[in-house]
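To start, the structure itself, in structure tokens.
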Amino acid sequence: MSTLVTGATGMVGRRVLTELKRRGLPAAGASRTSERRLDWTDTSNWPRVLEGVSGIFVVTPVGMALGHRVSAFLERAAEAGVERAVVMAAMGTEHAPSDSDQRAAEFKAKELFGRVTVLRPNWLFQDFTEGTFAGLARSRNGRLELPVKRRTEISFVDARDVASAAVESLVGDHGGKEYTLTGPQPLTVGNVVRWTRGTDSPVWRFKPVDESRFYFRATDSGWGDRYTDTLNERFAAAVRGRAAEVTDDVRAALGREPIPLARFARESTL
């Protein structure tokens, strides 16, 4: 029996799959571009995707109105005999409406599986090198424009810590746990930009903008309205101080301190 990793080409899913295979554990990645193709909007091959699977790592796409599809996939997984699920949402999801995409997936997983772990990471350091922030900066010649203030603090976490927590939750005794994963300290966006300037990050400058300007830039880059609105909601929460909390959950899940910004910046130049 193997573990199925959804979002297998994403920042966290890719690392989860790599670590499972490094440990010699049977695992397969699933995404729209993986060999085991998974499209949330196409149910036709779900039985084949779930064949021989005993555990799943599920990432609910943000701002894509796919929560009901992910819930349906979880139901199909339970029917197929999957016993363990690790669901990744985002920091603060526990305060979201019950019918929001990620919250709905959390509730469905808890309803269906005996062993469930929920991971809620904060924004990732890797957003500056390969994720959302990197994409925005490339479209603006290295300038990152976000609707947060210069003093807004966020306890950014390393994607490697999130992936490690997912792997430990899949192979260890973490059923019933809910981990809010953060880095070791709150940082401003400017802090991270200064530390990562000249590394793999294309971000060279940070400029605060209002929500409307961010919306215009994001949609001009081809992002959907719902996705952009979801990001704006997360940024607004950060401005209100709700993303600055530092938790002890990386230590609880992994038995060690989270990776700090200095190490991330150093290793991003290798």
- Note on the structure: Two pseudo-spin positions, 7 Å from Cα along C-beta at L112 and at D200, lie apart in nanometres by 3.2 nm
- Item | Per principal axis, descending, Cα span of the range 183-270 in whole Å | 41, 29, 19
- Query: Relative to the first principal axis of the alpha-carbon coordinates of the chain, what is the inclination of helix 211-220, with its axis defined by its Cα atoms, in degrees from 0 to 90 and to the nearest 10?
  - Reply: 70 degrees
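So how much slack lies between E79 and D210, counting 0.36 nm per residue of separation and subtracting their Cα-Cα distance, in nm?
Values: separation 131, 0.36 × 131 = 47.16 nm, distance 4.63 nm.
Length gained, E79 through D210: 42.5 nm.
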- Message: Projecting each Cα onto the charge dipole of the chain (Lys/Arg +1, Asp/Glu -1 at the beta carbon, about the Cα centre), which of S221, A78, P47 comes out farthest on the positive side?
- Response: S221
- For the chain, modelled as a GNM with alpha-carbon contacts under 10 angstrom, which of V62, V118, V157 fluctuates the most? V62
- Extending each Cα 7 Å along its Cβ direction at A262 and T33, get the distance between those two points in nm, one decimal. 3.6 nm
- Query: Under a GNM of the chain (C-alpha, springs under 10 Å), which listed residue has the highest mean-square fluctuation: R103, R160, R48?
  - Reply: R48
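Sequence gap at least 6, Cα distance under 8 Å: using those rules, report the relative contact order of the chain to the nearest whole percent.
Details: 537 pairs, mean separation 50.2, N = 270.
Relative contact order here is 19 percent.
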- Message: Quick check: Cα centre of the range 91-149 to Cα centre of the range 53-88, how many Å?
- Response: 16 Å
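Taking every DSSP beta bridge with both residues inside the chain, roughly what % is antiparallel (nearest 5)?
Working: 2 of 31 bridges.
Antiparallel bridges make up about 5 percent of those DSSP assigns within the chain.
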- Message: Using 0.36 nm times the number of residues separating V239 and S98, minus their current alpha carbon distance, what extension gain do you get?
- Response: 48.4 nm
- Count charges around T228 for me, please; just the other residues with Cβ under 14 Å from its Cβ, Lys/Arg as +1, Asp/Glu as -1. -3
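I want the local charge near L254. Using Cβ-Cβ distances under 15 Å, sum +1 for each Lys or Arg and -1 for each Asp or Glu among the other residues. Can you show the working numbers first?
Working: positive: R15, R23, R160, K177, R251, R256, R263; negative: E19, D158, D161, E168, D173, D248, D249, E257.
It works out to a net charge of -1.
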- Distribution output for the range 129-250: share of Cα-Cα pairs per 10 Å bin in percent, first bin at 0, values 13, 38, 34, 13, 2
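Around A104, what is the net charge, scoring Lys/Arg as +1 and Asp/Glu as -1 over all other residues with Cβ under 13 Å from its Cβ? Could you put the intermediate results ahead of the total?
Working: positive: R69, R103, K108, K110; negative: E75, E94, D99, D101, E106, E111.
Net local charge, A104 excluded: -2.
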- Note on the structure: With a 1.4 angstrom probe the carbon and sulfur portion of accessible area for the chain, in percent, totals 46 percent
- Query: Angle between the Cα long axis of helix 101-112 and the longest principal axis of the chain, 0 to 90 degrees, nearest 10?
  - Reply: 30 degrees
- Out of F57, G190, T6, whose Cα points farthest toward the positive end of the dipole of the chain (charges: +1 Lys, Arg; -1 Asp, Glu; placed on Cβ)? G190
- Between Q185 and D42, take the C-beta separation as r, use R0 = 51 Å, and let me know the FRET efficiency to the nearest 0.05. 0.75
- Query: Mind checking which of R234, R213, R84 has the largest fluctuation in a GNM of the chain, springs on alpha carbons under 10 Å?
  - Reply: R213
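The values are calculated or read from the model by the stated rules, or taken from the named source; none is laboratory data. Quantities reported herein were computed from a predicted structural model and do not represent experimental measurements. No Cβ is skipped: glycine too gets one built from the backbone with ideal geometry, and neighbour counts run over all protein chains shown. Heavy atoms of the whole protein, side chains included, go into the accessibility calculation; ligands, DNA and RNA do not. Shrake-Rupley method; radii C 1.70, N 1.55, O 1.52, S 1.80 Å.
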